[in-house]
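Structure record follows, encoded as structure tokens.
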Amino acid sequence: MRRGVLAVEGCRIERLELPRRQDVKPLTLEPTARAFQRRAKGRTIERVGRAGKRLVFELDGGERIVFEPRMTGLALLTDPPTTKHLRARFELSGGEVDELLLWDRRGLGTLRLLDEEAYAEAVSAKLGPDALELTPEDLPERLGRSRRAVKVALLDQAIVAGIGNIYAAEALFVAKVDPRRECSDLSRAEWRRLRQALLDVLEEAIRYEGSTLGDGTYRNALNQDGSYQSCHRVYARTGERCGRKRCRGVVERVVLGQRATFFCPECQG
DNA sequence: CATATGTCCTGAGAGC
DNA sequence: TGCTCTCAGGACATAT
């Protein structure tokens, strides 16, 4: 998502529109709309960064705009999937593109404008190391004594930042680790495999521009489908044969920590 | 302190 | 057709 909107770097925010409709709940904003618009206006977006799953627009002057898309939020440079769920429109000047749109069907996402202190407190301090920069020691150090199911722990952003439900399931499959296993039961070798699987799966998914599921949730910044869904080994493949050579298993679905979890009970020991 | 659960919101698809 | 039910790239407040 970050790569798709890199073109807004160097752009100046001329105006921020926050469309409101009575048939959808307004975007969760901090601070309030007027203050947000006033503080954003005239600022230049110096850099587009990322904090786990959040998109971070670093402004001149040190403030940051943080977009947290949750399930169905998108950042776009072109027309969104529907106009009904357009949540914000930044009118830009002086750069490669002239607008940045934030769209969110379910509206669970948030948009915040934070000074450096608030950012450190409300964002940085709440996130563990980034999943793409995990060291071999991070997982065993942070989870080695936890009694939680390993899949639930991987989704905890304070442990590791950036892992979502699809990629937790896929990485556990690649690493041959049962998602239901208690963290404290995993061996060093399993933690090592899991780290490598997370890096591989996430990097591959980024190259494929994410997973567009059946309801068309995730799209890239140009409102095009991602293609990683065709690479899913277990996610949403309940009842299908495990793709691993010589494995006779069938993909199962269980619920762990309120989230659907897919795995092969045969080869994920 | 660590871990579990309910809740926020909208729309698609299944089943009757 | 129209209804109800379940489910969904997530995170947080609150309870235990």
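When A:Arg47, A:Arg64, A:Arg12, A:Arg38 are checked against the criterion of being free of Cβ contacts under 8 Å to residues at least 12 places away in the same chain and out of contact with any Pro (no Cβ under 7 Å at 6 or more places or on another chain), a single residue qualifies: A:Arg38.
In this structure, is A:Arg237 within 16 Å of DNA strand B (Cβ to nearest atom) and surrounded by 17 or more Cβ atoms within 10 Å (Cβ to Cβ)?
In short, yes.
Residues of region A:165-176 that are in a loop (DSSP other than H, G, I, E, B) and buried (at least 22 other Cβ atoms within 10 Å of the Cβ): A:Ala175 alone. Reported count of residues in region A:114-127, each being surrounded by 18 or more Cβ atoms within 10 Å (Cβ to Cβ) and either among the charged types (D, E, K, R) or under 19 Å from the mean Cα position of the chain (by Cα) (or both), is 2. The set of residues in region A:144-164 that are under 20 Å from the mean Cα position of the chain (by Cα) and either farther than 19 Å from A:Glu68 by Cα or part of a helix (DSSP H, G or I) (or both) comprises A:Val150, A:Lys151, A:Val152, A:Ala153, A:Leu154. Working only within region A:211-267, note down all residues that are closer than 16 Å to A:Leu172 by Cα, hydroxyl-bearing (Ser, Thr, Tyr) and either without any contact (Cβ under 8 Å) to a residue 60 or more places away in the chain or away from DNA strand C (no atom under 13 Å from the Cβ) (or both). Passing the criteria: only A:Thr238.
Check whether at least one residue in region A:228-241 is in contact with a Ser or Thr (Cβ under 7 Å, 6 or more places away or on another chain) and under 24 Å from A:Leu55 (Cα atoms), and report yes or no. Yes; the residues of region A:228-241 include at least one that is in contact with a Ser or Thr (Cβ under 7 Å, 6 or more places away or on another chain) and under 24 Å from A:Leu55 (Cα atoms).
Out of the residues in region A:177-223 that are in a loop (DSSP other than H, G, I, E, B) and hydroxyl-bearing (Ser, Thr, Tyr), which is nearest to DNA strand B (Cβ to nearest atom)?
In the first step, residues of region A:177-223 are kept if they are in a loop (DSSP other than H, G, I, E, B); the result is A:177-181, A:186-187, A:208-218, A:220-223.
Still in the list and also hydroxyl-bearing (Ser, Thr, Tyr): A:187, A:208, A:211-212, A:217-218.
Values: A:Ser187: 18, A:Tyr208: 21, A:Ser211: 16, A:Thr212: 12, A:Thr217: 9, A:Tyr218: 14 Å.
Result: A:Thr217.
Residues that are closer than 25 Å to A:Ile163 by Cβ and within 16 Å of DNA strand C (Cβ to nearest atom) number at least 3 in the following helices (runs of 4 or more DSSP H) confined to region A:25-143: A:116-122.
Quick note: the coordinates plus some simple rules give every number you see, no bench work behind them. What you see is a predicted model; the values in this text were computed from it and never measured. Reconstructed Cβ throughout: ideal geometry from the backbone, glycine too, with neighbour counts over all protein chains shown.
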